[in-house]
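What follows is a single structure, written as structure tokens, with notes after it.
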Amino acid sequence: MFELLKFMAKKKKYYVVWEGNEPGIYDSWNACQLQIKGYPNAKYKAFKSKEEAEDAYHGAFGDYIGANKKPTTATLSEDKKAEIVWDSIAVDAACAGNPGVVEYQGVDTQTGYRFFYKKFPLGTNNIGEFLALVHALAYLKQEGRHDLPIYSDSKHAMAWVKKGKCNTKMQRTRATADLFDVIKRAETWLAQNTFENELLKWNTKEWGEIPADFGRK
């Protein structure tokens, strides 16, 4: 269950860079970023232990990234591509019914690499979009990436984050109790933390679906 990164509890991760400026295993996100920034179609992934990272580094990228690797907006014209801040995170939510099963994820805008994914048995799309943005903010603060913008295609979620309040009309019930606990933690995080990351609106009309889109439309 998502607990807003356990209120920022730091967990050690190891990053494998299969293709980048200098392939290898790195023990911090900042070090990994130096190897993938500016490198077209960089291939990398985080692991929870050094042993897992070493096994992965000696294996094939495709065996580990799987469904986390999504194609981005490769068909855009060069002029349209130039409008996008590629060094960023993109977030999105999907809901099977509204309300219904809701899930969200955050990915690297350029490569489609998935940074996080969460799913709840009952919620709304707007709630998912809101939680995705707060999760991205908490994740980037934990990683020390205050400079990285976050794309969302939801004006509602962006407004809710700026106000620090999930302004949903959905009611708390036994079925949604866990979800509302997470919403409360997200609101508390916003109240207790500041952030410098810019929240950017994804221009779906001009650029197509946001890279974090679940592709189920």
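Quick one: grab the alpha carbon gyration tensor of the range 95-175, order the square roots of its eigenvalues as a ≥ b ≥ c, and give me rounded if a/c is under 1.5, else prolate or oblate depending on whether a/b is larger than b/c.
Details: a/c = 2.09, a/b = 1.56, b/c = 1.34.
Because a/c hits 1.5 or more and a/b exceeds b/c, the range 95-175 counts as prolate.
Apply 1/(1 + (r/R0)^6) to the Cβ-Cβ distance of GLU206 and GLU22, taking R0 = 35 Å, and write down the FRET efficiency to the nearest 0.05. Before the final figure, lay out each step's value.
Details: r = 35 Å, r/R0 = 1.01.
The calculated FRET efficiency here is 0.50.
Mean residue ellipticity at 222 nm from the helices of the chain, using -39,500 (n - 2.57) per DSSP H segment of n ≥ 4 over the full residue count, to the nearest 500 deg cm²/dmol?
That comes out to -10000 deg cm²/dmol.
Would you please name the GluC sites (Glu not before Pro) within the range 117-217 that are DSSP coil residues with at most 13 other C-beta atoms within 10 Å of their C-beta?
Passing sites in the range 117-217 are GLU196, GLU198.
Can you flag which of LYS50/LYS118; LYS141/LYS162; LYS12/LYS45; LYS162/LYS184; LYS80/LYS205 are past 19 Å Cα-Cα?
LYS50/LYS118
For the chain, which whole-number percentage of the solvent-accessible area (1.4 Å probe, protein heavy atoms only) is attributable to carbon and sulfur atoms?
Carbon and sulfur atoms account for 49 percent of the accessible area of the chain.
When a/c is below 1.5 the answer is rounded, else prolate if a/b is larger than b/c, else oblate, so apply that to the range 162-217 with a ≥ b ≥ c taken from the square roots of the Cα gyration tensor eigenvalues.
Taking the square roots of the gyration eigenvalues as a ≥ b ≥ c, the range 162-217 is oblate.
Each label point is 7 Å from the Cα along the Cα-to-Cβ direction; what then is the distance between the points at ALA159 and ALA177, in nm?
3.2
Going toward the positive end of the dipole of the range 106-171, with +1 on Lys and Arg Cβ and -1 on Asp and Glu Cβ, which of ALA136, THR111, LEU148 do you reach last?
ALA136
Quick one: net charge around GLN35, please, counting Lys, Arg +1 and Asp, Glu -1 for every other residue with C-beta under 14 Å from its C-beta.
-2
Relative to the longest principal axis of the chain, what angle (0 to 90°, nearest 10) does the C-alpha long axis of helix 125-143 take?
Around 50 degrees separate the two axes.
Can you give me the long-range amide H partners of TYR44? Hydrogens built in the peptide plane at 1.01 Å from N, cutoff under 5 Å, separation of 5 or more residues or another chain.
Residues meeting the criterion, in which the H sits 1.01 Å from N, are TRP18.
How fast does the chain diffuse by Stokes-Einstein, in µm²/s, taking the Kirkwood radius from C-alpha pairs at 37 °C and 0.692 mPa s?
Using the Kirkwood radius from Cα pairs, D works out to 183 µm²/s.
Can you pull the one-decimal nm distance between simple spin-label points at TYR117 and ASP147, each 7 Å off the Cα toward Cβ?
Calculated label separation equals 3.0 nm.
Given contacts defined as C-alpha pairs under 8 Å and at least six residues apart, what's the relative contact order of the chain, whole-number percent?
21
In percent, what relative contact order does the range 118-217 have, based on Cα pairs under 8 Å that are 6 or more apart in sequence?
Numbers: 87 pairs, mean separation 38.4, N = 100.
Result for the range 118-217 is 38 percent.
The values are calculated or read from the model by the stated rules, or taken from the named source; none is laboratory data. Bear in mind the structure is a predicted one, so any value in this text is a computation, not a measurement. With ideal geometry, Cβ positions are generated from the backbone for all residues, glycine too; neighbour counts draw on all protein chains shown. Side chains are part of the model used for accessible areas, which takes the heavy atoms of the whole protein and leaves out ligands, DNA and RNA. Shrake-Rupley method; radii C 1.70, N 1.55, O 1.52, S 1.80 Å.
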